[in-house]
Amino acid sequence: MDLDQYITAHTASAGELLDALQRETYLKVLQPHMISGKVQGRLLAMISKIIQPKYILEIGTFTGYATLCLAEGLRADGHLHTIEANDELQEIITRYIKQAQREAQITLHIGQALDIIPALACTFDLTFIDADKLAYPQYYELALAKTRQGGTILIDNVLWKGKVLDLTNHKDKKTLALHAFNEMVTADSRVENVLLPLRDGLMWVIKKGLCKA
């Protein structure tokens, strides 16, 4: 048993529905490794339960695993807006949202996040960004503008398989962009942040200011 297996074995169950969604993703969808998976999913659910958000924004739905995890902490009158660019994933996303009986609390937007986010009227308590890595600075700025003071933004894949550690050997655009993004967030006086070495790196950001529930 390696360290990842040990961590997974000692993390609470995600439940039958999420296990089924993960299996189907690996069977039917290209690049299934993009799914959040059990450990990260349980962390997202736990953060959401701690915050108890009324409004959640998710940028990058994929097959909806993280979506359902984030929704676990929603208030009874809360709502989650999730945005996915790939319309081929719509069927599996909506099917599992229905099976989770979350249709009234989750709205799936198919399209480009940069176009959709400005049109959303909500002030968000919690945002999860896991989409086009080159567009992370734009997503971050749009999300931050719509985040309440004291609100949380979580950004996935910021370690990029460790490539951000050695920029001399990794000149690909995404590695350089993610390193620049990490530098930008760390220098941003509007927020506090911590980079967690969970899975492929998770940046936890809190917008400074008094919490306004």
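The values are calculated or read from the model by the stated rules, or taken from the named source; none is laboratory data. Keep in mind it's a predicted model, so treat the numbers as computed, not measured. Heads up, the Cβs are rebuilt from the backbone with ideal geometry, glycines too, and the neighbour counts pull from every protein chain shown.
Looking only at the range 83-96, decide whether some residue is surrounded by 13 or more Cβ atoms within 10 Å (Cβ to Cβ) and among the charged types (D, E, K, R). Even if it seems obvious, please write down each step before you answer.
Filtering the range 83-96 down to residues surrounded by 13 or more Cβ atoms within 10 Å (Cβ to Cβ) leaves 83-86, 89-90, 92-96.
Restricting the remaining residues to those that are among the charged types (D, E, K, R) gives 84, 95.
For the range 83-96, residues surrounded by 13 or more Cβ atoms within 10 Å (Cβ to Cβ) and among the charged types (D, E, K, R): present.
From the list Leu80, Leu68, which one is buried (at least 16 other Cβ atoms within 10 Å of the Cβ), under 17 Å from Thr147 (Cβ atoms) and of a type in the set (A, V, I, L, M, F, W, C)? Walk me through how you get there before you give the answer.
Numbers: Leu68 fails: under 17 Å from Thr147 (Cβ atoms).
Within the list Leu80, Leu68, the selection yields Leu80.
For the range 143-178, which residues satisfy the criterion of being buried (at least 18 other Cβ atoms within 10 Å of the Cβ), farther than 23 Å from Gly41 by Cβ and not basic (Lys, Arg)?
Result: Leu144, Val164, Thr175, Ala177.
Give the number of residues within the range 162-195 that are under 12 Å from Lys133 (Cβ atoms) and not hydroxyl-bearing (Ser, Thr, Tyr). Break it down stepwise before answering.
We begin by selecting, within the range 162-195, every residue under 12 Å from Lys133 (Cβ atoms); these are 163-164, 172-182.
When the remaining residues are screened for being not hydroxyl-bearing (Ser, Thr, Tyr), the result is 163-164, 172-174, 176-182.
Here the count works out to 12.
Quick check: is even one residue across the range 36-57 buried (at least 16 other Cβ atoms within 10 Å of the Cβ), touching a residue at least 40 places away in the same chain (Cβ under 8 Å), closer than 23 Å to Pro118 by Cβ and in contact with a helix residue (DSSP H, G or I) (Cβ under 8 Å, 6 or more places away or on another chain)? Can you show your working first?
At the first step, the residues of the range 36-57 found to be buried (at least 16 other Cβ atoms within 10 Å of the Cβ) are 36-45, 47-48, 51, 53-57.
Cutting the leftovers down to touching a residue at least 40 places away in the same chain (Cβ under 8 Å) gives us 36-37, 39-40, 43-44, 47-48, 51, 53-57.
Restricting the remaining residues to those that are closer than 23 Å to Pro118 by Cβ gives 53-57.
Of the ones still in play, those that are also in contact with a helix residue (DSSP H, G or I) (Cβ under 8 Å, 6 or more places away or on another chain) are 56-57.
Yes, that holds for at least one residue.
Take Gly201 and decide whether it is buried (at least 18 other Cβ atoms within 10 Å of the Cβ) and either polar (S, T, N, Q) or out of contact with any Asp or Glu (no Cβ under 7 Å at 6 or more places or on another chain) (or both).
Details: buried (at least 18 other Cβ atoms within 10 Å of the Cβ): yes; either polar (S, T, N, Q) or out of contact with any Asp or Glu (no Cβ under 7 Å at 6 or more places or on another chain) (or both): yes.
Criteria met by Gly201.
With the requirement that a residue be closer than 21 Å to Ala145 by Cβ, not in a loop (DSSP other than H, G, I, E, B) and not hydrophobic (A, V, I, L, M, F, W, C), what does the range 170-191 give you? Before you say what the answer is, go through the steps one by one.
Filtering the range 170-191 down to residues closer than 21 Å to Ala145 by Cβ leaves 177, 180-191.
Subsequent filtering for residues that are not in a loop (DSSP other than H, G, I, E, B) retains 177, 180-186, 191.
Matches in the range 170-191: Asn182, Glu183, Thr186.
Answer with yes or no whether Tyr26 is surrounded by 19 or more Cβ atoms within 10 Å (Cβ to Cβ) and of a type outside the set (Lys, Arg). It would help to see each step written out before you state the result.
Details: surrounded by 19 or more Cβ atoms within 10 Å (Cβ to Cβ): no; of a type outside the set (Lys, Arg): yes.
Judged against the criteria, Tyr26 is not a match.
Within the range 58-89, take every residue that is hydrophobic (A, V, I, L, M, F, W, C), in a helix (DSSP H, G or I) and in contact (Cβ under 8 Å) with a residue 40 or more places away in the chain and give me the one that is nearest to Gln31 (Cα to Cα). Please lay out each step first, then the result.
We begin by selecting, within the range 58-89, every residue hydrophobic (A, V, I, L, M, F, W, C); these are 59, 62, 66, 68-71, 74, 76, 80, 83, 85, 89.
Within this subset, residues satisfying the condition of being in a helix (DSSP H, G or I) are 66, 68-71, 89.
From what is left, the residues that are in contact (Cβ under 8 Å) with a residue 40 or more places away in the chain are 66, 68-70, 89.
Values: Ala66: 16, Leu68: 19, Cys69: 20, Leu70: 22, Leu89: 12 Å.
It comes out as Leu89.
If the requirement is being under 26 Å from Asp87 (Cα atoms) and outside any loop (DSSP other than H, G, I, E, B), which of these qualifies: Leu30, Leu44?
Values: Leu30 fails: outside any loop (DSSP other than H, G, I, E, B).
The unique qualifying residue is Leu44.
Looking at this structure, is Arg95 without any contact (Cβ under 8 Å) to a residue 12 or more places away in the chain and over 16 Å from the mean Cα position of the chain (by Cα)?
On the way: without any contact (Cβ under 8 Å) to a residue 12 or more places away in the chain: yes; over 16 Å from the mean Cα position of the chain (by Cα): yes.
For Arg95, the condition - without any contact (Cβ under 8 Å) to a residue 12 or more places away in the chain and over 16 Å from the mean Cα position of the chain (by Cα) - is met.
Within the range 131-141, is there a residue that is at pLDDT 95 or above, in contact with a helix residue (DSSP H, G or I) (Cβ under 8 Å, 6 or more places away or on another chain) and under 15 Å from Gly64 (Cα atoms)?
yes
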